[in-house]
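Read the structure below first, then the notes.
Since every read-out is calculated from the coordinates, none of them should be taken as a lab result. This is a predicted model, so every value here is computed, not measured. Please note: Cβ atoms are built from the backbone with ideal geometry, for glycine as well, and neighbour counts cover all protein chains shown.
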Amino acid sequence: MKSGFVAVAGRPNVGKSTLVNALAGGKVAIVSDKPQTTRRRIFGIANGDDYQLVLADLPGFQRPLDPLTEHMQRTVDRSFEDVEAVLLVLSARERIGAGDRFVARRVFELGVPVIIVLNKVDRLKGGHIATQMEAASRLGDFHALHPVSAKTGDGIEELRQELVALLPEGPLYFPQEQRTDLPLEVQIAELVREQALRLTKDEIPHAITVEVQELGERVIEADVLVETESQKQIVVGKGGSVVREIGRRARPEIEAVVGHPVYLDLRVKVKPRAKLNSWRKRPFFPAVSSFRSSRGCPASGQSTPLRSKSAPPRWRNGRSRKTPRSSRWSWPYG
């Protein structure tokens with residue numbers, strides 16, 4: 001059995017999450033056309049008959065602007081420890097510039113194989129792709145360079161085989177039926193947030209978040225949190241049209257995750273800016289020194305990997321907590 005960890009790095013909005021989803025064979029991380037969609041480190045797990053490839057989908061490299069982006073960049077910096085290789089993801093549709101060179105300098109100094117992935121090559125002419133590949137090849141001493149389209153799947157199988165060839169012999173770090181390390185309630189919250197980002201476009205900042213308050217067998221209740229009353233009205237929409245559409249789009253994907261029909265109840269709430277800033281400072285996962293130490297590896301039958309005993313407990317929501325101001329709109333989807 002071959003197994004190991006590969007970090008996926010690059011500037012924001014180059015298609016890292018879409019690439020991880022394609023390599024893992026299913027949806028692991030949410031995607032949108034806006035930077036900073038990925039806020040936490042997410043493991044996507046690709047399992048084969050004789051291998052387990054664990055892909056760390058990281059937030060994009062960026063200059064920290066606030067407590068949220070500062071924490072996201074620290075997450076990126078910590079996540080390069082103890083990996084077998086790094087995928088350096090570039091967008092074939094954008095000029096390879098200073099931001100890409102900054103990320104390249106960081107990953108090439110790690111001393112592990114670096115595979116450059118030129119993503120988003122679909123619908124581009126061969127001459128343009130060749131020019132971009134030549135520019136990418138000048139970033140550093142790479143192990144391989146793959147032009148791919150994570151959206152269409154072109155080049156994904158060849159890239160997966162390249163990564164598996166780099167893996168050492170090792171144990172299963174996760175149960176083979178597992179595709180991600182995210183708890184179920186976090187997966188559901190992320191699917192709702194994905195649709196909220198898509199429908200509100202640039203009107204709502206990335207501070208928007210979702211908290212699952214009730215996760216029952218057939219009923220799921222979640223709060224969509226924003227900073228101001230004006231943002232709440234945008235998310236609610238005229239006559240509740242926007243929040244209704246968020247739920248309508250999110251519910252099929254949630255049902256695919258849980259495996260059965262659900263009744264989805266979304267509530268739009270305002271959380272004061274000070275409290276949201278406090279939320280932004282919270283660690284998404286306990287601070288860790290390496291992937292393996294943080295995952296309770298190797299897998300020993302647990303449904304999700306264990307965290308270190310010294311790590312602080314994950315923040316969980318409960319009905320006993322004081323809840324912020326709520327919109328009068330509460331839209332069920334059954």
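What length, rounded to one decimal in nm, is gained on full extension from Arg123 through to Arg93, with 0.36 nm per residue of separation minus their alpha-carbon distance?
9.8 nm
Starting at the first residue of the stretch 177-194, write each ³J(HN,Hα) from the Karplus equation 6.51 cos²θ - 1.76 cosθ + 1.60 with θ = phi - 60°, in whole Hz, x for Gly and Pro.
Values, residue by residue: 7, 8, 10, 8, 8, 6, x, 4, 5, 6, 4, 5, 4, 5, 5, 5, 4, 4 Hz.
Taking 0.36 nm per residue of separation and subtracting the Cα-Cα distance, what length does fully extending Thr152 through Ser230 add?
In short, 24.3 nm is gained.
Net charge around Gly25, counting only other residues with Cβ within less than 11 Å of its Cβ (Lys, Arg = +1; Asp, Glu = -1)?
That works out to +2.
Sort Arg123, Arg248 so the one with the fewest other Cβ atoms within 10 Å of its own Cβ comes first.
By the 10 Å Cβ count, ascending: Arg123, Arg248.
Strictly over 23 Å apart at the Cα level, which of Lys201/Lys271; Lys125/Lys201; Lys27/Lys151; Lys27/Lys232 would you flag in this model?
Lys125/Lys201; Lys27/Lys232
Using a cut-off of 15 Å between beta-carbons, work out the net charge of the residues near Thr131 (Lys and Arg +1, Asp and Glu -1, Thr131 not included).
With Lys, Arg at +1 and Asp, Glu at -1, the neighbours total +2.
Rank Leu197, Phe174, Leu184 by how far each Cα sits towards the positive end of the charge dipole of the stretch 106-208 (+1 on Lys, Arg Cβ; -1 on Asp, Glu Cβ) and give me just the farthest.
Farthest towards the positive pole: Leu197.
Please arrange Tyr263, Tyr51, Tyr173 by how many other C-beta atoms lie within 10 Å of their C-beta, fewest to most.
Tyr263, Tyr51, Tyr173
Provide the packing ranking of 147-158, 189-200, 86-97, i.e. peptides ordered by the mean count of other C-beta atoms within 10 Å per residue, highest first.
Going by the mean number of other Cβ atoms within 10 Å, highest first, we get 189-200, 86-97, 147-158.
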